[in-house]
Amino acid sequence: MKHGLYQDIYDVIRKIPSGRVATYGQVAYIIGRPGYARQVGWALAALRNDRIGEPVPWQRVVSAKGEARMGREQIELLQGEGVQFDDRLRIDLGAFGWDGLI
């Protein structure tokens, strides 16, 4: 079951376009698992140990406050895609959020 859940999460994340972000909760909602934001985080953490298959643009998943929770590398990757951060290192989800239409 866990493998299937993670694959569902990865499939959604692969659909987030460059220059856009989605929240952990949004990804959970799209896969039909509202309340599974933490599991989305676990799935992303698992990518460090398992890079099999099509790449997953993990950097495009952020907190509900628009914060990059996975460190400086995530910020740099997003900035490279044109995502802008404010002085508090938050992303304006209104400007850069993905609408989730897949």
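The values are calculated or read from the model by the stated rules, or taken from the named source; none is laboratory data. Keep in mind that this is a model prediction, so the values were computed, not measured. Every residue, glycine among them, receives a Cβ derived from its backbone with ideal geometry; neighbour counts consider all protein chains shown.
With respect to Leu44, determine if the residue is under 15 Å from Ile91 (Cβ atoms), assigned to a helix (DSSP H, G or I), in contact with a helix residue (DSSP H, G or I) (Cβ under 7 Å, 6 or more places away or on another chain) and touching a residue at least 24 places away in the same chain (Cβ under 8 Å).
Against the criterion (under 15 Å from Ile91 (Cβ atoms), assigned to a helix (DSSP H, G or I), in contact with a helix residue (DSSP H, G or I) (Cβ under 7 Å, 6 or more places away or on another chain) and touching a residue at least 24 places away in the same chain (Cβ under 8 Å)), Leu44 does not qualify.
Criterion first (surrounded by 12 or more Cβ atoms within 10 Å (Cβ to Cβ) and in contact (Cβ under 8 Å) with a residue 60 or more places away in the chain) does Gln26 satisfy it?
It is true that Gln26 is surrounded by 12 or more Cβ atoms within 10 Å (Cβ to Cβ) and in contact (Cβ under 8 Å) with a residue 60 or more places away in the chain.
Using the structure shown, decide if Pro57 is over 12 Å from the mean Cα position of the chain (by Cα) and of a type outside the set (Gly, Ala, Ser).
No; evaluated as a whole, the condition is false for this residue.
Find the residue count for region 54-94, including only residues that are exposed (fewer than 11 other Cβ atoms within 10 Å of the Cβ) and assigned to a helix (DSSP H, G or I).
Selection size over region 54-94: 2.
Answer with yes or no whether Gly66 is more than 18 Å from Gln7 (Cβ to Cβ), among the small types (Gly, Ala, Ser) and under 12 Å from the mean Cα position of the chain (by Cα).
Yes: the conditions hold for Gly66.
Considering Arg33, Arg88, which residue is modelled with pLDDT of 95 or more, closer than 20 Å to Gly4 by Cβ and among the charged types (D, E, K, R)?
After ruling out the rest, the residue left standing is Arg33.
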